[in-house]
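The values are calculated or read from the model by the stated rules, or taken from the named source; none is laboratory data. Note that this is a predicted model, so its numbers are computed, not measured. Every residue, glycine among them, receives a Cβ derived from its backbone with ideal geometry; neighbour counts consider all protein chains shown. Heads up: the accessible areas ignore ligands, DNA and RNA and are worked out on the full protein's heavy atoms, side chains in. Shrake-Rupley method; radii C 1.70, N 1.55, O 1.52, S 1.80 Å.
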Amino acid sequence: MALVNAGVVVLDCAEPEKLAEFYKGLLGAEETDVSANRIEIEGPAGFRMAFRRDVNATPPSWPRPENSLQAHLDFVVEDLDEAERGVVGLGGRPLEAKDAAGPHEERGFSDPAGHSFTLRRSAPPTAPKQG
């Protein structure tokens with residue numbers, strides 16, 4: 001028997017309303033629980049996120065060696081170019097301009113509050129990742 005019934009990824013931010021709008025647009029999600037200091041959303045595949053108000057929140061800085069253990073989110077997409085246009089249209093910004101070649105092409109972004117995430121197009125692996 002599991003000790004935990006469900007999990008929710010929670011991001012601290014100064015403006016949970018603004019960040020919830022970004023991720024609702026990104027995931028096609030809907031609000032499921034709203035209070036003065038927390039907004040929870042759920043996407044069509046059951047992925048849940050919440051945004052907790054922290055008036056002292058400062059944007060993470062990535063990629064920097066002193067922040068190498070920082071968590072980030074990965075999202076799988078069909079079309080990287082289309083997804084990138086959508087992210088930028090929602091207020092996200094690219095973190096790196098290079099295109100990673102290979103079976104897992106990916107691009108790094110930050111949401112409007114500065115949390116990093118990756119858009120990744122998945123393809124069948126041809127060899128184990130080196131390094």
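Numbers for the structure displayed
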| quantity | calculated |
| --- | --- |
| Computed accessible area, Ser61, all protein chains, 1.4 angstrom probe, square angstrom | 40 Å² |
| List Leu119, Leu73, Leu90, ordered by accessible area with a 1.4 Å probe, largest first | Leu90, Leu73, Leu119 |
| For Val77, residues with placed amide H under 5 Å, excluding near neighbours | Arg120, Arg121, Ser122 |
| Amide proton proximity set for Arg38, modelled H, under 5 Å, gap of 5+ | Arg53 |
| Order by protection proxy (mean Cβ within 10 Å, highest first), peptides 16-25, 43-52 | 16-25, 43-52 |
| For segment 54-60, Karplus couplings with θ = phi - 60° (6.51, -1.76, 1.60), whole Hz, Gly/Pro x | 9, 5, 9, 4, 10, x, x |
| Leu95 long-range amide H proximity, modeled H, under 5 Å | Gly108, Phe109, Ser110 |
| Solvent-accessible surface ranking, highest first, for Arg107, Arg121 at 1.4 angstrom | Arg121, Arg107 |
